[in-house]
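Take a look at the structure below.
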Amino acid sequence: MHSRISHSQNIEHILAERIQSLFIEQLGHQPEDIYCRFLDNKLTIVIENAITKPEKLLIAAGYQDIVEKARGSIEQILQPEFKKIIEEISHSQVSNILFATHLDTNYVSIIALFAENYQLTSS
């Protein structure tokens with residue numbers, strides 16, 4: 001049991017690092033913290049300080065609707081990359097990814113749903 005917990009925590013750490021790299025490469029922004037947790041056949045990801053400086057500037061100037069539309073497009077563009085990273089690290093097929101950007105709290109939450117035959121392996 002301890003081995004499985006350690007393996008799961010290691011995978012969560014690797015995922016967090018890869019997601020942080022994706023944010024830096026694609027958005028030029030480094031989130032403060034990224035938390036990844038496996039729960040049954042789901043992976044939850046919480047990204048803290050996920051809103052970029054230009055987005056914050058637009059929000060402060062009253063353009064939240066533009067930021068919301070842009071974030072929706074960014075999520076669509078990044079979704080295949082998130083899926084690729086998660087599948088590569090977990091060695092499991094992702095059936096769906098759910099995004100939510102919370103502009104008021106500066107968080108992004110992601111839930112990756114794995115295919116029915118999901119099982120976290122140690123390979």
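What FRET efficiency comes out for the pair S21/Q76, r = Cβ-Cβ distance, R0 = 22 Å, nearest 0.05? Given R0 = 22 Å and the Cβ-Cβ separation, E is 0.65. The HN-Hα couplings worked out from phi for segment 18-28 by the Karplus form 6.51 cos²θ - 1.76 cosθ + 1.60 (θ = phi - 60°) are 5, 5, 4, 4, 4, 4, 5, 5, 8, 10, x Hz, whole numbers, x standing for Gly and Pro. For segment 1-114, the dipole from Cβ point charges (+1 on Lys and Arg, -1 on Asp and Glu) about the Cα centre works out to 160 debye, to the nearest 20.
Using the Cβ of I74 as centre and a radius below 14 Å, the other residues enclosed give a net charge of -3, where K and R count +1 and D and E count -1. Rounded to the nearest 500, the helix-only mean residue ellipticity at 222 nm of the chain stands at -17000 deg cm²/dmol, with each DSSP H run of n ≥ 4 adding -39,500 (n - 2.57). According to the square roots a ≥ b ≥ c of the eigenvalues of the Cα gyration tensor, what is the shape class of segment 1-114, taking rounded for a/c under 1.5, prolate for a/b larger than b/c otherwise, and oblate for the remainder? Prolate is the answer for segment 1-114, as a/c is 1.5 or above and a/b outweighs b/c. Heavy atoms of the protein chains alone define the surface here; on that basis the chain has 61 Å² accessible area per residue at 1.4 Å probe size.
Once the Cα-Cα distance is subtracted from the 0.36 nm per residue extended length, the S8 to K69 segment shows a gain of 18.5 nm.
The values are calculated or read from the model by the stated rules, or taken from the named source; none is laboratory data. These numbers come from a predicted model, not from an experiment. For neighbour counting, all protein chains shown are included, and Cβ atoms are generated from backbone atoms with ideal geometry for every residue, glycine included. SASA here: full protein model, heavy atoms, side chains in, ligands and nucleic acids out. Shrake-Rupley method; radii C 1.70, N 1.55, O 1.52, S 1.80 Å.
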